[in-house]
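**Student:** Got a structure here, written out as structure tokens. Questions coming.
Taken together, the values in this text are just the output of simple stated rules run on the coordinates, not laboratory data. Since the model is a prediction, treat every value here as computed from it, not as a measurement. Cβ sites come from the backbone with ideal geometry, for glycine too, and all protein chains shown count toward neighbours.
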Amino acid sequence: MVRQHSSTGGLEVAGIVALTLGLGIFVLGGSALAVVLLGLLSASLVSLGRARARGWSAERLGITATFLVGAILLAIVGWVAGHIVGTLVVGFGVWLAWHLGVGQRVREL
């Protein structure tokens with residue numbers, strides 16, 4: 001059995017809390033943007049927690065987490081600037097940046 005790091009459980013709990021908040025906002029009639037952001041945050045935290053449990057190094061986790069946070073912030077800017085089209089343009093740019101440089105660096109770590 002693989003020993004979990006103490007931060008791994010915290011990341012997964014934070015992800016579950018973010019998902020619960022997102023669902024609560026949805027049920028209470030909150031904005032779709034808030035629900036999507038909390039859903040993305042939840043998925044990111046749970047994924048990072050599981051990656052840490054699989055033995056990812058701190059550098060690899062840091063680069064990936066930074067990239068995810070940057071992508072979420074750029075998605076917010078894209079949504080504010082142009083709603084769906086702006087978000088799609090930003091999403092394509094983030095995907096392209098990952099495949100052109102950042103992804104290779106993470107795989108090397």
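**Student:** Whole-Hz Karplus ³J(HN,Hα) for the stretch 20-37, in order, using 6.51 cos²θ - 1.76 cosθ + 1.60 and θ = phi - 60°, x for Gly and Pro?
**Tutor:** Listing the rounded values in order: 4, 4, x, 5, x, 5, 4, 5, 7, x, x, 6, 5, 4, 5, 5, 5, 4 Hz.
**Student:** In Å, what Kirkwood hydrodynamic radius results for the chain from the alpha-carbon pair distances?
**Tutor:** For the chain, inverting the mean 1/r across all distinct Cα pairs yields 15.0 Å.
**Student:** Work out the FRET efficiency for Ile84 and Ala58 from their Cβ-Cβ distance, taking R0 = 41 Å, and round it to the nearest 0.05. Before the final figure, lay out the partial values.
**Tutor:** Working: r = 36 Å, r/R0 = 0.88.
It comes to 0.70.
**Student:** For the stretch 57-109, what number results from the quotient of the Cα radius of gyration and 2.2 N^0.38 Å?
**Tutor:** Cα-based Rg divided by the globular estimate yields 1.23.
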